[in-house]
1. Taking the range A:397-441 as the region of interest, how many residues are β-branched (Val, Ile, Thr), part of a strand (DSSP E or B) and crowded, with 19+ Cβ neighbours inside 10 Å?
2. If you check every pair at least six apart or on different chains, which have Cβ atoms under 7 Å apart with a residue in the range A:92-104 that is in a helix (DSSP H, G or I) first and a residue that is at pLDDT 80 or above second?
3. For the range A:228-244, which residues satisfy the criterion of being exposed (fewer than 15 other Cβ atoms within 10 Å of the Cβ) and not small (Gly, Ala, Ser)?
4. Residues in the range B:160-176: is at least one of a type in the set (Gly, Ala, Ser), more than 15 Å from B:ARG204 (Cα to Cα) and exposed (fewer than 14 other Cβ atoms within 10 Å of the Cβ)?
5. Check off (1) touching a Leu at 6+ places or on another chain (Cβ under 9 Å); (2) within 28 Å of A:PRO309 (Cβ to Cβ) for B:ALA181 and give me the number that stays unchecked.
6. Can you find, within the range B:185-209, the residue that is nearest to A:ILE307 (Cα to Cα) among those that are within 14 Å of chain A (Cβ to nearest Cβ) and surrounded by 17 or more Cβ atoms within 10 Å (Cβ to Cβ)?
7. So if I check each of A:ILE8, A:ILE34, A:ILE68, which one is β-branched (Val, Ile, Thr) and assigned to a loop (DSSP other than H, G, I, E, B)?
8. Restricting to the range B:69-79, name every residue that is crowded, with 21+ Cβ neighbours inside 10 Å and assigned to a loop (DSSP other than H, G, I, E, B).
Amino acid sequence: MNKTSLKIFVCFTLTSAVITVILLCVNFLGYSYIASDSDGESSKKTLALISENLTQTGGGFELAEGIIPDGYWCVLIDENGDIIWAENKPGDIPSHYSINDVAKMTHWFLNDYPVFVRAEERGLLVLGMPKKAVGKYEMIYSMNWFRTLPQRILKILAINLCFAALLACVFGFRLYSRLRALTGGIADLGRERAVKLPERGIFREISASVNLASASIERKNAALAARDSARSNWISGISHDIRTPLSVIIGRSDELAKSEGLSAAERKKAETITAQGLKIKKLIEDLNLISSLEYDMQPSKKTAVKICPLIRRVASDIINSGVADKCELELDLRNEKSTVSADESLIERAVFNLINNSVTHNENGCKITITQYEERESVIVKIADNGKGAPQETIENIAEIPKAAHGLGLPMAYRIICVHGGRLTAKNDGGLKIQIELPKL
Amino acid sequence: MKELKNKKILIVDDEPELLRVLSDALYKDGFYNIYTAKTCAEALKAAKEQSASLYLLDVNLPDGDGFALLERLRESSSAPAIFLTARGEADDRIKGLGLGADDYIVKPFLAKELILRVTAVLKRVYKIEEAKAAFGISGVTVDFEAGSVSKGGKEIPLTAKEYILLKKLWENKNKIVTNDALCMAAWGEGYYGCENTLMVHIRRLRKKIELEPSKPKHLLTAKGLGYKLVINDE
């Protein structure tokens, strides 16, 4: 599973849950704000105010001006049900009340006027509001309701939380799958693989940008490859063209070198021409190989190569050619069945270069030991001599193709092993010690 | 060998100077029946007039390539062909595709190599055996025609495998022949694990051709690599 996307997904879900909780709290406060109504409360306060300010005078009652708000009215009913004091009393309010009348109006309305009642010693003080000024609803809750209220609130909260998490998961998963495609695409972009993301949804623009970047990388790579192959083709073309005239030169000088009509000194000169011509031939071959290896071209004809017979063949060829007369070659091939997937002629070239290096760089002879064995998933070949070793500079710049053809052997072997997915290490330790590691087939 | 040198060779190359070099080199070695052509058209015309025993063809010709030319030539002749290529190691067309070529030579080359390959192809295709199918070492004579060894006046026959191994070693005399090459010659593909059997056969061979089999002087072991037949007759 994509780690980044998963992280984003988890963050998204957690954030959603937190947001939900915050929203719930805010909404709860908002609800209380909406539920509170100062008008209903203020009427009760007005009634209290009236009660305080209503004073008994001689034969009646008196209230200061301005205490009863506009459109409100107020009456005082004695214990017989008669109005003994009234202020602003509308005409449709009766002046006598039975017990039933009082019971009916106490909590509700009197002739559609919302009324508030206050029982006093003087009688029943009734404050009336204009018709339709307020609504009145009866609320009755059992004590059990009050006791279980906290639990129920918690329950609702929990349900809310679960629901929020569920929704967040559902939406988050959709987001996640899109993100996964997107991060996958960007990762592929990094590996320079072709990317084609569907351009829809909230990431439409990002997807489009990624696709665009991929297309432009592909275009650039194609241009680079075209340039490389053009260069490579040019090199192979040139070397191709050089070969024919060189054939003539070598052919003729070879002929002269054997000609009996020439003096020994002249024949020697002709021989030199032949030898130099053959040197050019070798340079051309190296040039071609290097130019194809320089661009990390994959070996074109990989087959299953048994490494031990190959080492024996190369070693025998070198001994048979007579250049290694001063050297002693010792082989210790331990896994006869070791097989690698490789271009046989390239690996042969690499092994040849390495053994040949030891032979040619130690004019006074040396002992060359070739060891082969398997280690985990690798085939190891060690080529070690006890000669004077290679210049430190060559070992340090083993990955670089030298500017001149001289000293090409080691870097070429290095490249060949690299394009086969292997490793080559070289070090001086009482002679040159090379280790090749190739993936086992 | 005379029969071999009398074979007609048609050389096709667009570079006149190289044509001269090639024919000079072959002529010097005793191949007198050489004729040349610079283009495919010329080659076809020349081949019609007199049939050749061997074609030496350049891969790149001004009016086509050597492979197409060989196909046309093969319509009326089954003579072997050696290609001259300027492509070097990279020329997979010859190595891999098996376009009917019997061999190829990479330019530039020495006359020695050219003669060697021409002779080898002619010998193989026309089954011309070298007169000398026998050799002698320290009082022992090996006769390949008879498939036997004569040692101290006694005739000892060679087994089929011994014959193959000895022939292979003799063909590469004074050179190391790897175990793999020897096993391949005697047992063919999938020879892996034949080293011990090979050792047994070599031991038997030594008994037949060495005067002191425990101290071989001619059939030597190249430790870890293979064997070498040392003959100091030249």
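The values are calculated or read from the model by the stated rules, or taken from the named source; none is laboratory data. Computed from a predicted structure; not experimentally measured. A quick note on method: Cβ atoms are made from the backbone with ideal geometry, for glycine too, and the neighbour counts reach across all protein chains shown.
1. So the count comes out to 2.
2. Qualifying pairs under 7 Å: A:VAL102/A:LEU124.
3. Once the filter is applied, which keeps residues that are exposed (fewer than 15 other Cβ atoms within 10 Å of the Cβ) and not small (Gly, Ala, Ser), the range A:228-244 yields A:ARG231, A:ASN233, A:TRP234, A:ILE238, A:ASP241.
4. Within the range B:160-176 (the criterion being of a type in the set (Gly, Ala, Ser), more than 15 Å from B:ARG204 (Cα to Cα) and exposed (fewer than 14 other Cβ atoms within 10 Å of the Cβ)), the answer is no, since none of the residues qualifies.
5. Single failed check for B:ALA181: (1).
6. The qualifying residue nearest to A:ILE307 (Cα to Cα) is B:TYR191.
7. Among A:ILE8, A:ILE34, A:ILE68, only A:ILE68 is β-branched (Val, Ile, Thr) and assigned to a loop (DSSP other than H, G, I, E, B).
8. If the condition is that a residue be crowded, with 21+ Cβ neighbours inside 10 Å and assigned to a loop (DSSP other than H, G, I, E, B), then B:ALA79 is the only one that fits.
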